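Enquirer: This is the structure, below, for whatever I ask next.
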Amino acid sequence: PEAFLSVRDLRVRFSTEDGIVKAVDGLSFDVERGKTLGIVGESGSGKSVTNLTVLGLHNPMSSTVEGEIVLDGKELVTATEREMEKLRGNKVAMIFQDPLTALSPYYTVGRQIAEPFMKHTGASRKEAKDRAVEMLTKVGIPQPKTRVDDYPHQFSGGMRQRAMIAMALICNPDLLIADEPTTALDVTVQAQILDLLKDLQQEFGSAIIFITHDLGVISHMADDLLVMYSGRAVERGSVREVLRNPQHPYTWGLLSSMPRLGGNTSKALMPIPGNPPSLLNPPSGCPFHPRCAFRSEVPGTACSDERPLLADGRAAACHLTAEQKQTIFIDKIQPR
Ligand code: SF4
Ligand code: MG
């Protein structure tokens, strides 16, 4: 079946005083209807820029976008701002990490939730408010008929996040982009919000792109997984495959630096040495090579010379052979 969202060879560059920043450098992925794609990577890996570009929210004055973004058959890279405005909040919606940046302190929560509904359906203020109450009920806000008239500061952090989910879903979007939506919340509230999102996805059938640096959250939420590094995808597959049998040294690093879910967190974690690469002057060859414990230095096959490509389907962009990966992962990495 054709993917609902198909991104092909996406390149996003920003001009800065110091030069050109390659924020996204040849990225391809698909999201299927009703499914969740998790995107993981450290900050600066290009995951947020990618999704802002899908929404047409990158700054066109300072950036250039090449490649294809096809949403339900419509090409978005070449779409006009007017066309993008019709999509945003309607067919595609976004949930941000911090509701306070998305909600204005000057308007009631209800009015802000109702706004995309009025804008995209032409509903009256009264109809839109009723719909906002309905949405507040769905996201589990108590006494929604009263709370609809509250201002954001009268809501707790968890309630504001629920309100933002209500606003994102009010037009029943086909694609929901959630960028670190629960990072600011405590663990209990985080779990409630994640369960809520899953339930609402069942009900609304939306596809979700879930951006996070937390593999534990991803394993709970996503069907498929894309691991990003230095503006590229370095590994792709179903969440099960990638977490059980990761094929890229960067993914090994992410997994071994992650506290095991429900496991013994006192166990020494193995952080990835070094820092994410500069996007101004990315490393030659494999962008991970300065931090990779398994890089080949053999002249002619050196990891610093040749950029490994990511094949289609289940794949990892790494020069190691399948046997090498198997041996290294099973013997040295897999925590037992
Ligand atoms: Fe490491 Fe080489 Fe694989 Fe890059 S290509 S991840 S440097 S082994
Ligand atoms: Mg980010």
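Enquirer: For residues in region 242-252 being under 19 Å from the mean Cα position of the chain (by Cα) and either of a type in the set (A, V, I, L, M, F, W, C) or modelled with pLDDT of 95 or more (or both), which is surrounded by the most Cβ atoms within 10 Å (Cβ to Cβ)?
Expert: Among those residues, the one meeting the criterion is 242.
Enquirer: All but one of (1) touching a Ser or Thr at 6+ places or on another chain (Cβ under 9 Å); (2) touching a residue at least 60 places away in the same chain (Cβ under 8 Å); (3) within 16 Å of ligand 2 (Cβ to nearest atom); (4) not in a loop (DSSP other than H, G, I, E, B) hold for residue 28; which doesn't?
Expert: The one condition residue 28 does not meet is (3).
Enquirer: Determine which single condition residue 177 fails, assuming it passes every other condition in (1) of a type in the set (A, V, I, L, M, F, W, C); (2) over 23 Å from residue 137 (Cα atoms); (3) under 12 Å from the mean Cα position of the chain (by Cα).
Expert: Failed condition: (2).
Enquirer: Considering each residue of region 284-331, count those that are loosely packed, with under 12 Cβ neighbours inside 10 Å and not in a loop (DSSP other than H, G, I, E, B), and give that number.
Expert: 4
Enquirer: Moving to a separate point now. Residues that are modelled with pLDDT under 95 and buried (at least 18 other Cβ atoms within 10 Å of the Cβ): find the helices (runs of 4 or more DSSP H) completely inside region 87-187 holding 1 or more of those.
Expert: Ranges flagged: 99-102, 109-121, 125-138, 157-169.
Enquirer: Inside region 98-126, can you point out the residues that are small (Gly, Ala, Ser) and farther than 20 Å from residue 161 by Cβ?
Expert: 122, 123, 124 - these are the residues of region 98-126 that are small (Gly, Ala, Ser) and farther than 20 Å from residue 161 by Cβ.
Enquirer: For region 25-32, does any single residue satisfy the condition of being touching a Pro at 6+ places or on another chain (Cβ under 8 Å) and within 26 Å of residue 220 (Cβ to Cβ)?
Expert: yes
Enquirer: Considering 26, 38, 44, which residue is crowded, with 16+ Cβ neighbours inside 10 Å and within 16 Å of ligand 1 (Cβ to nearest atom)?
Expert: After ruling out the rest, the residue left standing is 26.
Enquirer: Within region 68-81, can one find any residue that is part of a loop (DSSP other than H, G, I, E, B) and within 16 Å of ligand 2 (Cβ to nearest atom)?
Expert: No.
Enquirer: Determine if region 86-93 includes at least one residue that is in contact (Cβ under 8 Å) with a residue 12 or more places away in the chain, closer than 29 Å to residue 234 by Cα and not basic (Lys, Arg).
Expert: Scanning region 86-93 turns up at least one residue that is in contact (Cβ under 8 Å) with a residue 12 or more places away in the chain, closer than 29 Å to residue 234 by Cα and not basic (Lys, Arg).
Enquirer: Is there a residue being in contact with a His (Cβ under 7 Å, 6 or more places away or on another chain) and either modelled with pLDDT of 90 or more or within 27 Å of residue 219 (Cβ to Cβ) (or both) anywhere in region 276-284?
Expert: yes
Enquirer: Does residue 104 satisfy being among the hydroxyl-bearing types (Ser, Thr, Tyr) and farther than 30 Å from residue 253 by Cβ?
Expert: It is true that residue 104 is among the hydroxyl-bearing types (Ser, Thr, Tyr) and farther than 30 Å from residue 253 by Cβ.
Enquirer: Still on this structure, please answer the following. For region 306-324, enumerate the residues that are acidic (Asp, Glu) and within 28 Å of residue 7 (Cβ to Cβ).
Expert: 306, 312 - these are the residues of region 306-324 that are acidic (Asp, Glu) and within 28 Å of residue 7 (Cβ to Cβ).
Enquirer: Here is a list of conditions, (1) at pLDDT 90 or above; (2) more than 16 Å from ligand 1 (Cβ to nearest atom), and residue 266 meets all of them except one; can you say which number that is?
Expert: (1)
Enquirer: Quick check on my filter: what residues within region 42-92 are closer than 27 Å to residue 170 by Cβ, among the small types (Gly, Ala, Ser) and out of contact with any Cys (no Cβ under 7 Å at 6 or more places or on another chain)?
Expert: Within region 42-92, 48, 56, 73, 79 qualify.
The values are calculated or read from the model by the stated rules, or taken from the named source; none is laboratory data. Remember, it's a predicted structure, so these values are computed and weren't measured experimentally. Cβ sites come from the backbone with ideal geometry, for glycine too, and all protein chains shown count toward neighbours.
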